[in-house]
1. Cα-Cα pairs above 35 Å in the chain: how many percent?
2. Which whole-percent values make up P(r) of segment 174-331 when all C-alpha to C-alpha distances are grouped in 10 Å steps starting at zero?
3. Taking the alpha-carbon distance from Lys74 and a cut-off under 18 Å, which aspartates and glutamates remain once sequence neighbours fewer than 8 residues away in the same chain are dropped?
4. Limiting things to C-alpha atoms, what are the Rg and the maximum Cα-Cα separation (Dmax) for segment 134-233, in angstroms?
5. Using a 7 Å offset from Cα along Cα-Cβ at Thr33, what residues in segment 253-281 end up with backbone N under 18 Å from the label point?
6. Which far-off residues, 5 or more places away or on another chain, put their amide H under 5 Å from the one on Ala299, with H placed in the peptide plane?
7. Return the distance in nm (one decimal) between the two label points of a simple spin-label model at Asp329 and Lys26, each offset 7 Å from Cα along Cα→Cβ.
8. Could you give the length gained by full extension between Ile162 and Leu115, i.e. 0.36 nm per residue of separation minus their alpha carbon distance, to one decimal place?
Amino acid sequence: MYHGRFKGTHYEVGFKWGKMLLNNKKKLDFCPTFELTEEKYKFANQCLEKYKKYFPEILDEIKGIADGNEIPMKILQTILFCMYCFEFDNKCTCFAFSSNNEIIFGRNSDFLVSLEKLYMNCIYNLTNSYSFNSNTTAYVQMEDGVNEHGLATGLTFVYPKIRKPGLNAGMLIRYILEKCKSTKEAVDEIYRLPIASAQTITIADKKGDIAVIECNPEKIIVIKQKQKEKFVATANNFNSLQMKSYRNPHIDDWRSDDRYQTVYNALKNNEKSYSIEFAQSLLSGKYGFICQYDRSKNADTVWSVVYDLKHKQIWRAEGNPSKKNFKEDTRMNFD
């Protein structure tokens, strides 16, 4: 993974990063995972009005990147606003558990092997925003992270049956990390913000409040732990009865239901084992299928992360956790 540190205003960090890429002869005027079409340009332009109202700071960062990289802002906006809304090959597994001794958030990010050298870990210290440590496949947007207030969050992509102008999955995660201190605040913001794509968002805070939000442009369902259970879990499908009509059984979801059952059963049957080591073992495949992909098919777990919110620790495996060791990242300053 690349490791980036970003400090300053949104525009300043964007310009610096875009310029650095340009100096290294790397341009951001194309998307490696989908074609830019007139339909996507039109949709991105409709989303633009939502970002101006609800998240104008991110537009400053995108403008900074475009200026520094010497590319049209329109191209960059179209790439970023359309992700998760049309087609995407990102597959992930998330869980969180909260007990007297531990508050843990865990996530595997599963994506294309062919792009694994482009993935980034980012530490942001932005003007007038909460600082955070996060991971991404698409700069600007984030897939998971934890902020200075001990709020951890991460997405899993659900193939969309519908889309509307708004913030997509990666932008929602970025927004939560920058602006929310607690799970309740994050849930309230999800209800307030216009949503463009279909996804689940797992959230955990330092007080032990954990939740999975299943949402798309039409509906939002907040899932808390069941009675006598101390965990939540999700993969690349909706599991609530209210959202099952939005599932798409005709696409390859990289065994999403199998991964969900692995995590659910492990968490349900091993409550006395809850710990950092247990979370790492679960993500590493020691309790069933979760990361055991065939890399020859261009699919693998490309990073794995565990956020320990009680002890303020970050553990990350930069690659498939069944092959790469988790290492502690001590660079984050928690409040």
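1. Numbers: 7670 of 55945 pairs.
Result for the distance tail: 14 percent.
2. 9, 34, 40, 16, 0
3. Excluding near neighbours in sequence, the set is Asp29, Glu35, Glu38, Glu39, Glu49, Glu57, Asp60, Glu61.
4. When restricted to the Cα atoms of segment 134-233, Rg and Dmax are 12.7, 39 Å.
5. 253-256
6. Amide H to amide H, under 5 Å and 5 or more residues apart or across chains, Ala299 pairs with Val113.
7. 1.6
8. Full extension from Ile162 to Leu115 adds 14.2 nm.
Only the coordinates and a few stated rules stand behind these numbers; no lab work does. Because the structure is predicted, anything quoted here is derived from the model rather than measured. Cβ sites come from the backbone with ideal geometry, for glycine too, and all protein chains shown count toward neighbours.
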